[in-house]
Amino acid sequence: MTAHLTAHRMHRRLVLASSVAGAAIVALDGTVLTVVQPTLQRELGASLAQVQWTSTAYLVAVASLLVSAGRIGDRYGHERVFGLGMLGFGAASAGIGLAPGVGWVIGLRVVQGVFGALLQPATLGMLRVAFPPDRLGMPIAVRTSVIGLAAAVGPLVGGALVTAVGWRAVFFLSVVPSLVFGVLALTVREPHRKRASAVRFDLPGALLLALSLASLIQALVDLSGSAAGLAVSALAGLAFVRHERRTAHPLLPPDVIGSAAIRGALGMLLAASAAFSGTLFVVTYFLQDTMGLGPFQSALRGLPLAAAMVLAAPATAVVLRRVGARRTAGVAMTVVALAVLVLSRASGAVAVCGGFALLGAGFGTVMVTATQVVVREAAVESAGVAGGLKQTAVNVGPTLGVAAGSALMAASGREWALGVLAAVALTGALTCLVLPGRTVASLTHPPVTGDRAGVPARR
């Protein structure tokens, strides 16, 4: 018995380390890319449109496949899918570092997006399976803190590597940890490994959802030609909904899509990430274009955001136990809206740093709260698809926010753009009304049994 408990604890630690590493690698990759793009364009003789596609190609691939990848994890095991995702992501990163031309970079970014889609929902699915519901708060908080830290460190590390070694070195950052954690996930067996689920994979639904999301992302990135993309996205989305209602094995299980708490958490994440990323885009543009600050100086003003996000995450895990998700998220969304309003009028360094600190604290709290609700409310058998929906929200939301922020800023200026984004955050606060109250997040909550407790039910 003692040996079994020791093995179980060791496996939980490995799951947490793997989940954190996977999330950090994806976050770091996204932040360092923006630093290397100017050098990459110059050395490979690429056009501006081609350089933009190094970001767009990845985003389209990853956002369109996250839900399907999560469902694959539910069927075949999250650790197996995570391991394949990490190995593929690391190999694609190494390929980009060796790419002879920008066409190869774009193609390999698509490959990287596919494997990134495999590993991201698995980082949450593994946590749901390994930890009981009343102990998910702190692992999720640690994961969120590391994401914030990676986002802050990424531009600094990327800039230093580009200056000292070159842009190719940046893409080798994730190769070794990807290979190490990928191999561990595929070779270290979990105690009482769950057999593959007998639920069939809904391939037609997966293809329709991928087409809808890919068209939406492309339309938002390329606003000048967005009409056709939005039309295709809408038609594919309607076809997906019609198919899901008729099929016996839907891609989105009824226990996930039918949960008001999960829908509310996803809506809150969509609104918060849109307001967050849209604000960062508008304020960064203001600092560099209007105030004349360089990239490094503007990045320094953003450090309080990362610090507040890192500190808010573990604190949120404690607050959730005391007051529940509904109140925690409601206050956090209000703080996000307040931070956006502060930044809409800030010009001095103190005001900008203060606004960024508020934004980081609010957004970090929202991330932990919403993630815990989504992961906890889903049954173990649907943890992957729930994680995929959560990751989709935090990929689509920023794209929406940046598209809205850039359009509004061009039309009406910074204050109007940020005012609208603050309203988006306040609107998202309304979704908090359907989140669980204190009893669900409390440590004294009665234990959950069966599938929802983290132990597969006996058939």
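For the pair Ala231 and Tyr76 in one chain, pulling the backbone fully straight at 0.36 nm per residue adds 52.4 nm over the alpha carbon distance.
With the gyration tensor restricted to C-alpha atoms of region 202-248, the semi-axes of the equivalent ellipsoid amount to 23, 9, 5 Å, longest first. Label point of Leu186 set 7 angstrom out along Cα-Cβ; within region 85-118, amide nitrogens under 12 Å from it belong to 85-91.
In the distance distribution for region 180-331, Cα-Cα pairs more than 22 Å apart total 68 percent.
Which values of log₁₀ I(q)/I(0), to two decimal places, follow from the Debye formula for region 253-454 at q = 0.09, 0.15, 0.16 Å⁻¹ with a uniform point scatterer at every Cα? Per q value, in the given order, log10 I(q)/I(0) is -0.35, -0.86, -0.95. Relative contact order of region 91-228: 26 percent, from C-alpha pairs under 8 Å at least 6 residues apart in sequence.
Note on region 1-189: percent of Cα-Cα distances in each 5 Å bin, starting at 0 and stopping at the bin with the largest distance, equals 1, 9, 16, 20, 20, 14, 9, 6, 3, 2, 1, 0, 0.
Label zone (Glu43, point 7 Å along Cα-to-C-beta; backbone nitrogen cut-off 16 Å) within region 103-117: 103-106.
Packing here is the average count of other Cβ atoms within 10 Å per residue, and on that basis the peptides 260-268, 299-307, 34-42, highest first, run 260-268, 299-307, 34-42. Listed from fewest to most Cβ neighbours within 10 Å, the set Val110, Val62, Val165 follows the order Val165, Val110, Val62.
Considering the zone a paramagnetic label at Ala160 would reach in this model (a point 7 Å from Cα along the Cα-to-Cβ line), which residues of region 303-338 have amide N under 20 Å from it? So the set is 303-308, 310. Summarising the overall dimensions of the chain from its C-alpha atoms, the Rg and Dmax are 21.2, 67 angstrom.
Bear in mind these aren't lab numbers, they're just calculated from the coordinates by the rules spelled out. All values derive from a computational prediction rather than experimental measurement. All Cβ positions, glycine included, derive from the backbone under ideal geometry; neighbour counts span all protein chains shown.
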